[in-house]
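K.L.:
Shown below is the structure under consideration.
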Amino acid sequence: AQSVTQLGSHVSVSEGALVLLRCNYSSSVPPYLFWYVQYPNQGLQLLLKYTTGATLVKGINGFEAEFKKSETSFHLTKPSAHMSDAAEYFCAVMKAAGNKLTFGGGTRVLVKP
Amino acid sequence: SQTIHQWPATLVQPVGSPLSLECTVEGTSNPNLYWYRQAAGRGLQLLFYSVGIGQISSEVPQNLSASRPQDRQFILSSKKLLLSDSGFYLCAWSSAPSLYGYTFGSGTRLTVV
């Protein structure tokens, strides 16, 4: 069975500072990994995904994530936080050729001016 | 282009009343369809998924049921709502989940009173 752990349910960053959201997964086989963002009372929007190939993936809104197999991690970063980045972020894992996403518990990001 | 519609956006229902939430997808055929629930403190919980008309897989035992009467229509129902059914319900679709992840609808906020 797969599982996803997001360290920190709440993260507070200053505008212009680095955003770092941690995600670790547990899977018996190399999984596919995803990051989603959710703004209040809205659905989830795909930020980026890792399936195969380059382990550093770039997504929308200046976010990127690096797949590290040895650490079973897929941390999300953004060099400089913007007020519009305030939202909840979800890491998710899926088995290759699978059809079900397993989500982490989410991390809510607060951006301080 | 593909779009997903989910309605209603908000719903307040008394305990014991029936429920019907509808989700439709346009611009694709034979999508995988999913129902998730977000409840306070419980993250995203997969309720049902469907890989074709009339094919429904239930992930957790509960007071809800799902149906897929048409290729691009997915309905979430209950005969008698419980207080614990309150939450934010999200529909999602995918044509190739492990490659593209899911695309989510805008959600329905259900409050059972």
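K.L.:
Could you state the number of Å between the C-alpha centres of segment A:48-70 and segment A:77-103?
P.N.:
11
K.L.:
Among the aspartates and glutamates, which fall within straight-line cross-link reach of residue A:78, defined as a Cα-Cα distance under 20 Å, with same-chain neighbours fewer than 8 residues apart omitted?
P.N.:
By straight Cα distance, residue A:78 reaches A:15, A:64, A:66, A:88.
K.L.:
Could the peptides B:6-13, A:26-33 be put in order, highest first, of the mean number of other beta-carbon atoms found within 10 Å of their residues?
P.N.:
So the order, starting with the most tightly packed, is A:26-33, B:6-13.
K.L.:
Once the principal axes of the Cα atoms of chain A are found, what is the range along each, listed largest first in whole angstroms?
P.N.:
Largest first, chain A extends 42, 28, 21 Å along its Cα principal axes.
K.L.:
So for segment A:61-113, taking the charge dipole from beta-carbon charges (+1 Lys/Arg, -1 Asp/Glu), which of A:107, A:74, A:97 sits furthest toward the positive end?
P.N.:
A:97
K.L.:
Taking only the Cα atoms of the protein assembly as shown, how large is their convex hull per residue, in Å³?
P.N.:
Given the Cα convex hull of the protein assembly as shown, per-residue volume reads 124 Å³.
K.L.:
With the Cα gyration tensor of chain B in hand, give its eigenvalues times 5 under a square root as the equivalent ellipsoid semi-axes, listed largest first in whole angstrom.
P.N.:
One finds semi-axes of 23, 14, 13 Å for chain B.
K.L.:
Using the Cα centre of chain A as the reference point, and only Cβ charges (+1 on K/R, -1 on D/E), how large is the resulting charge dipole? Debye, rounded to the nearest 20.
P.N.:
I would put it at about 240 debye.
Bear in mind these aren't lab numbers, they're just calculated from the coordinates by the rules spelled out. Everything numeric here is computed off the predicted structure, so don't read it as measured data. With ideal geometry, Cβ positions are generated from the backbone for all residues, glycine too; neighbour counts draw on all protein chains shown.
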